Amino acid sequence: MSAVPEQSESERRAGLTFGGNLRAAVFGVSDGLVSNTSLIMGVSGAFADARTVLIAGAAGVLAGALSMAAGEYVSMRSQRELFEQQIAREREALKTRPTEEIDALARIYHRRGVPLDIACRISKALSTDLHAALETHAREHLGLNPEDLGSPYGAALSSFLSFAVGAGMPLLPFVFGAGARAFSIAALLAAVCLFVVGVASSALTGQARLRGGLRLLLVGGGAGVVAYVIGRLLGVSV
């Protein structure tokens with residue numbers, strides 16, 4: 001009987017992890033796309049040649065991706081250290097105050113509808129083994145899974161790759177030497193990608209997909225237009 005709930009819980013957590021990673025990837029692509037599109041439009045607006053745009057865009061991809069990866073690593077590392085500290089305190093409490101911890105866990109189950117006598121028996125049974133007790137108390141008290149606290153390296157790599165993919169899209173026409181048409185193709189490609197990523201983001205958050213696609217297209221496109229105008233003014237002044 002106990003195998004079924006354990007399996008469904010495992011599947012639920014796996015789904016949440018996958019969904020969280022997918023959201024991070026989609027939003028990373030979105031950030032890279034908007035930021036590097038604006039950079040490329042701004043440099044192009046300053047009457048820069050294709051080679052200059054390519055160098056600036058490549059620098060934008062690398063700098064942005066590294067910045068995102070570093071920020072994600074520091075954030076995830078700090079979060080993991082906080083979780084580990086909380087779990088360590090929970091472990092110490094189980095060693096030094098086992099009766100209090102058993103009673104606290106029983107009260108949690110009782111608040112969820114389990115009769116008090118049964119909740120006490122469950123709590124005592126779960127607390128006979130320190131490892132099992134720590135895992136249970138971490139999940140129930142802290143809302144944490146000790147086996148899955150998140151990887152700083154994985155988060156950094158995911159952020160780096162997703163940002164680089166998004167930032168590299170508007171740069172492709174310049175990479176493949178589209179010549180005088182590179183700017184127009186880049187603008188069109190960026191518009192299509194902005195709309196697609198906006199639709200994907202809205203699908204993940206449960207919002208209207210068409211509205212989400214148009215919203216990101218307007219926001220990202222507007223940022224690109226502003227950057228182009230500023231670049232053009234700066235180019236004229238120089």
So, taking all protein chains as they sit and a 1.4 Å probe, how much accessible area belongs to L161, in Å² rounded to tens? 90
If you rank T52, T99 by how much accessible surface each has, with a 1.4 Å probe, what is the order from largest down? T99, T52
Taking the chain and counting helices only, DSSP H stretches of n ≥ 4 at -39,500 (n - 2.57) each over all residues, the nearest-500 ellipticity at 222 nm comes to -29000 deg cm²/dmol
For E100 and L210, what does the FRET efficiency come to when R0 = 41 Å and r is the distance between their Cβ atoms, rounded to the nearest 0.05? 0.15
Helices from the chain with mean Kyte-Doolittle at least 0.0 and a Cα length along the axis of 30 Å or more, per DSSP H: which? 3-45, 50-96, 182-205, 209-237
Take L142 and A70, extend 7 Å from each Cα along the Cα→Cβ direction, and tell me the distance between the two endpoints in nm. 3.0
Within 10 Å of each candidate Cβ there may be at most 13 other Cβ atoms; applying that plus a DSSP loop requirement, which trypsin sites (Lys or Arg not before Pro) in the range 87-167 survive? R112
Name the residue farthest towards the positive end of the dipole of the chain from the options I87, L126, A50, assuming +1 on Cβ of Lys and Arg, -1 on Cβ of Asp and Glu, about the Cα centre. A50
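Which net charge results when you count Lys and Arg as +1 and Asp and Glu as -1 among the other residues whose beta-carbon is under 12 Å from that of G154? Kindly include the intermediate steps, with their values, before the conclusion.
Values: positive: R77, R80; negative: E72, D148.
Result for the local shell: 0.
Stick to the Cα atoms of the chain, pair each with every other, and give me the Kirkwood hydrodynamic radius in Å at one decimal.
Details: mean 1/r = 0.0471 Å⁻¹.
The answer is 21.2 Å.
Hey, if we sort C193, C120 by accessible area with the 1.4 Å probe, largest down, what's the order? Don't jump to the answer; show the numbers that get you there.
Numbers: C193 25, C120 45 Å².
Final ranking, largest accessible area leading: C120, C193.
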Separation of the range 131-208 and the range 94-111 by C-alpha centroid, Å? 40
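The values are calculated or read from the model by the stated rules, or taken from the named source; none is laboratory data. Note that the structure is a prediction, hence the values are computed from the model and not measured. Don't worry about glycine lacking a Cβ; one is built from the backbone with ideal geometry, like all the others, and counts go over all protein chains shown. Just so you know, the surface numbers come from the protein's heavy atoms only, side chains and all, with ligands and any DNA or RNA stripped out. Shrake-Rupley method; radii C 1.70, N 1.55, O 1.52, S 1.80 Å.
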